[in-house]
Amino acid sequence: MGYRLTQYAHGGGCACKIPPGELEDMVRGLSTPVAEGSAGELLVGLDHGDDAAAVRVTDGIAVIATTDFFTPVVDDPYDWGRIAAANALSDVYAMGGRPVVALNLLGWPRDVLPFELATEVLRGGSDVCAKAGCHLAGGHSVDDPEPKYGLAVTGTADPQRLLRNDAGRPGMPLSLTKPLGIGVLNTRHKATGERHEQAIDTMVSLNAASSRAALAAGIRCATDITGFGLLGHLHKLARASGVTAVLDSATVPYLDGAREALRDGYVSGGTRRNLDWVRPHVDLMAITEEEALLLADAQTSGGLLVAGEIPGAPVIGELIPRTAHTIQVR
C-alpha cells in the first residue's frame, strides 16, 4: 500500500512548532547558566532567540550548535528527509557558519509505519548532508506515535564574523533569499496530496551560498525564515536590534500557486497563530488580511533574511530608527 506520511501527524514541518508567543512565555525568566570551567566563551545563547548557539573556543574559531526536527511536511519519505536536513543545516548558515558534523534524530511509530520508509527518510538526510560537506554520524531514535525527523548539527564560524539577529542598524536594506508561500502549499499538499515541485525544490535548497555571500559582503545581521513566518522572524530581528523594519509587501517574492492556495483556504493553524502573535507589534493598515496571512505564513526550510544586499536576493525593505512598531508594512 502507498503511505501518505502527512496523514500520520497532526501538523507538518515548521508549522508544528510551539507558537512563538507560548514559547516566549515558557522560556521567559530563564537565563543561560554560567558553565564553570567551560571550554570556551558563550557568544550567542538564549538572549535574543538567535538561530543557534555560538561558543568561542579559540581566537579564530567559534563552535555553532543547533538542532531541528519536525513531523512530515510532504508524503514522500526521501523528500521529507532531504527537507528536514536542509532545514536543520540552515540554522548554522544563518549564523554565518559551516556545518561540520550532524546526528540523526528520528521518532518512528514502528507498529504503524514500515521501517523501509524510515530508511528512505534517513537516506534523504544523508544525501543532503553529503551535498553540504557535512559528516553525518549516527544519532538517536525512539518509538513515537508520530513520525519525526531532523538533525543535531555542529558547525564552525569566525567569532568576529557571526551573523546574528541583534546586529541590525538603521539604514540597512533587507534582502530575502527564497520566496514565501511554502506553508500554504504544504497545507494544500497535506489536504489533497497534490505535489508542488517548486516548493520541494525550494525547501531542499541549501542556504550555504547565501550565507557565504552575506559574509563576503560584510553583513553581520541575518536570520532564517522558518516556522514563525517572515513577520515573526523579522519582528524578532527588529526587536533584538532596537530598530523598526519597513517592509515593502509588493517586493516580497512568492512561489507559484501560493496565492491560489491562500484563496482556497489552505492556511495552517501555525500561520494564523503567527499573525495573532505579531499583530500588536506590526502596522498592517496598508495591506489586506489575506496579504498579512501570506507574510506570516509558516515556512519550512525557508531562505535567509539579511540586513544588507547580496547578489540575486530581492531587497524587500529597510531598517529605520525605532518607532511605535517593530514592523511597518506598506
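The values are calculated or read from the model by the stated rules, or taken from the named source; none is laboratory data. Worth saying up front: this structure is predicted, and the values here are computed from it rather than measured. No Cβ is skipped: glycine too gets one built from the backbone with ideal geometry, and neighbour counts run over all protein chains shown.
Could you tell me which numbered condition residue 56 fails, if it satisfies all but one of (1) modelled with pLDDT under 95; (2) more than 23 Å from residue 215 (Cα to Cα); (3) among the basic types (Lys, Arg)? For residue 56, the failing item is (2). Pairing each residue of the stretch 316-330 that is modelled with pLDDT of 95 or more with any residue that is of a type in the set (Lys, Arg), provided the two are 6+ apart or on different chains, yields C-beta distances under 6 Å for 326/239. You will find that of 106, 89, the residue that is assigned to a strand (DSSP E or B) and assigned by TED's automatic domain parsing to the domain that holds residue 9 is 106 and no other. Restricting the stretch 54-106 to residues that are small (Gly, Ala, Ser) and surrounded by fewer than 19 Cβ atoms within 10 Å (Cβ to Cβ), the residue that is nearest to residue 2 (Cα to Cα) is 65.
Checking each residue in the stretch 262-304 for being touching a residue at least 12 places away in the same chain (Cβ under 8 Å) and polar (S, T, N, Q) picks out 268, 271, 274, 299, 300, 301.
Contact map, the stretch 194-207: residues that are assigned by TED's automatic domain parsing to the domain that holds residue 89 paired with residues that are among the hydrophobic types (A, V, I, L, M, F, W, C) and modelled with pLDDT of 95 or more, Cβ distance under 8 Å, separation 6+ or inter-chain. No pairs are found. Per the listing 222, 292, 313, the residue uniquely more than 29 Å from residue 85 (Cβ to Cβ) and touching a strand residue (DSSP E or B) at 6+ places or on another chain (Cβ under 8 Å) is 292. Across the stretch 291-308, a minimum of one residue is classified as modelled with pLDDT of 95 or more, hydroxyl-bearing (Ser, Thr, Tyr) and within 12 Å of residue 180 (Cα to Cα). If I filter the stretch 216-231 down to residues being aliphatic (A, V, I, L, M) and buried (at least 19 other Cβ atoms within 10 Å of the Cβ), which single residue comes out as nearest to residue 292 (Cα to Cα)? Per the stated criteria, the residue is 231. Scan the stretch 253-305 for residues that are acidic (Asp, Glu) and either closer than 17 Å to residue 203 by Cα or not in a loop (DSSP other than H, G, I, E, B) (or both) and jot them down. 256, 260, 276, 283, 289, 290, 291, 297, listed by residue number. Check whether at least one residue in the stretch 278-288 is in contact with a helix residue (DSSP H, G or I) (Cβ under 7 Å, 6 or more places away or on another chain), farther than 21 Å from residue 168 by Cα and modelled with pLDDT of 95 or more, and report yes or no. Yes, that holds for at least one residue. Scan the stretch 248-268 and give yes if some residue there is assigned by TED's automatic domain parsing to the domain that holds residue 219 and modelled with pLDDT under 95, otherwise no. Checking the stretch 248-268: at least one residue is assigned by TED's automatic domain parsing to the domain that holds residue 219 and modelled with pLDDT under 95.
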